[in-house]
Ligand SMILES: Cc1cc2nc3c(=O)[nH]c(=O)nc-3n(C[C@H](O)[C@H](O)[C@H](O)COP(=O)(O)OP(=O)(O)OC[C@H]3O[C@@H](n4cnc5c(N)ncnc54)[C@H](O)[C@@H]3O)c2cc1C
């Protein structure tokens, strides 16, 4: 693990700060301070500014329209952006750039890279994730959404659920069953599909803080070209896991900065509510400080791997487990500090993600209340805490695998369920 940056990064750091000084609006206080109604449009405009300055998908190869930065430069950029609460991408780019874009760069054919990567960068394609189904969430490999070849096209039938931002996307990456007569992991393919076709129906699900965040997606004879398989037919489990590594590992290098800012807000909240001398609250603060420092050091570890060009592996589950469980604790402690005031309703829920709030978010009890609610699904999405523990136990620590209830082919296992 490296704890210092080479001196050469100082020049680049200064360059990034000049860019921010020149391009951020006057009085910039962080994306959380942009009024909620204007935030989406601001982020779309900002995305265009990043693209025009070769800072969108900053480490992607320039030949595909990426920024062409080295890994080290990209981390420096992320750090400086995070310190000022500036987004490094647009609203849906977690799916488009971080997940499917990186996975296409890793697994895609030259034709797929040449077709999809520029379309992601110029905003033509906005992606969402079609993994979970009503009967396969944690046990993702059990998925039953089927794709069958019909001439030059796959015909897809089945249902996905919890599809975040599915209503704003025009493309979906789908894990589909393409062979029922092999074991469940062996018969899955990773398909790149258009959402804009008659066979795709999207039904919204409103979450507990009133956000229309995710959806059900139904496929009825939906189609995609035969060549829209990423990483080869029936190799979807490996491809899908590469993507999950990006999903779980993303942002680890700068994540602690957001949690540090949130902890500072917690301390202010305790002060404002006359609880700063409460020994239990002080004990909480000491514990939270320790956790944020652990995240900082884990960020350094992730950075070291990243700089060596290593894709995130199963160890990214440690970070996902740690921050999401930590976030439950600090938001619950905030509710205790706020006392009865914590019953007055939600604030700016859109500024509070599953992780720490956007920098600049007002430090109010209703905002903490929204954070308290939104922290819960942080321990569920991208693999629940229990599943992360299994991954850490089995794939990082090498402990014996837990017993599997199913065996044989996927089709046989379905007969056992019914
Ligand atoms: C905010 C949010 C956004 C999401 N966005 C998307 C998205 O965009 N696309 C998408 O495809 N999915 C998405 N999901 C779905 C998410 O991936 C699933 O909810 C998750 O994988 C868990 O699956 P499940 O809900 O079916 O729960 P289940 O798998 O039914 O689990 C129920 C409970 O059983 C426990 N459990 C299950 N198996 C084990 C085991 N082997 N050992 C111990 N305990 C176990 C779980 O930990 C959990 O507590 C999202 C979820 C959330 C909360």
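Derivation of every value follows stated rules applied to the coordinates shown; laboratory data play no part. If you're wondering where the values come from, they're calculated on a predicted model, not measured in any experiment. When we count neighbours, we look across all protein chains shown, and the Cβ atoms used for this are built from the backbone with ideal geometry, even at glycine.
List of remarks:
- Part-to-part distance (alpha-carbon centres) for region 312-342 and region 160-224, which is given in Å: 29
- Shape class of region 141-189 from the alpha-carbon gyration tensor: oblate, with a/c at 1.5 or above and b/c at least as large as a/b.
- Gyration tensor (alpha-carbon) shape descriptor, region 144-236, a/c threshold 1.5: prolate
- Angle in degrees between helix 36-52 and the longest Cα principal axis of the chain, rounded to the nearest 10: 70
- Percentage, to the nearest whole number, of Cα pairs in region 283-322 over 16 Å apart: 41
- Cβ crowding within 10 Å, taken as a proxy for footprinting-reagent exposure, orders 77, 300 from fewest neighbours to most as 300, 77.
- Kirkwood-type hydrodynamic radius, the chain: 22.7 Å, calculated from all non-identical alpha-carbon pairs.
- Expressed as a fraction of 2.2 N^0.38 Å, the C-alpha radius of gyration for region 251-396 is 1.08.
- Antiparallel DSSP beta bridges within the chain, percent to nearest 5: 85
- Of the peptides 222-228, 284-290, the order by per-residue mean of other Cβ atoms within 10 Å, starting with the highest, comes out as 222-228, 284-290.
- Value of Rg/Rh across region 1-106 [Cα atoms, Kirkwood radius]: 0.97
- Packing-based order for 19-31, 87-99, using average beta carbon neighbours within 10 Å, highest first: 87-99, 19-31
- Gyration tensor (alpha-carbon) shape descriptor, region 283-357, a/c threshold 1.5: prolate
- Angle in degrees between helix 279-307 and the longest Cα principal axis of the chain, rounded to the nearest 10: 50
- Cβ-derived FRET efficiency at R0 30 Å, residue 271 paired with residue 343, nearest 0.05: 0.90
- Label-to-label distance, nm, for residues given as residue 404 and residue 5 (7 Å Cα→Cβ offset): 4.5
- Estimated FRET transfer efficiency (residue 325, residue 220; beta-carbon r; R0 45 Å; 0.05): 0.70
- Angle of helix 255-272 to the longest C-alpha principal axis of the chain, folded into 0 to 90 degrees and rounded to 10: 40°.
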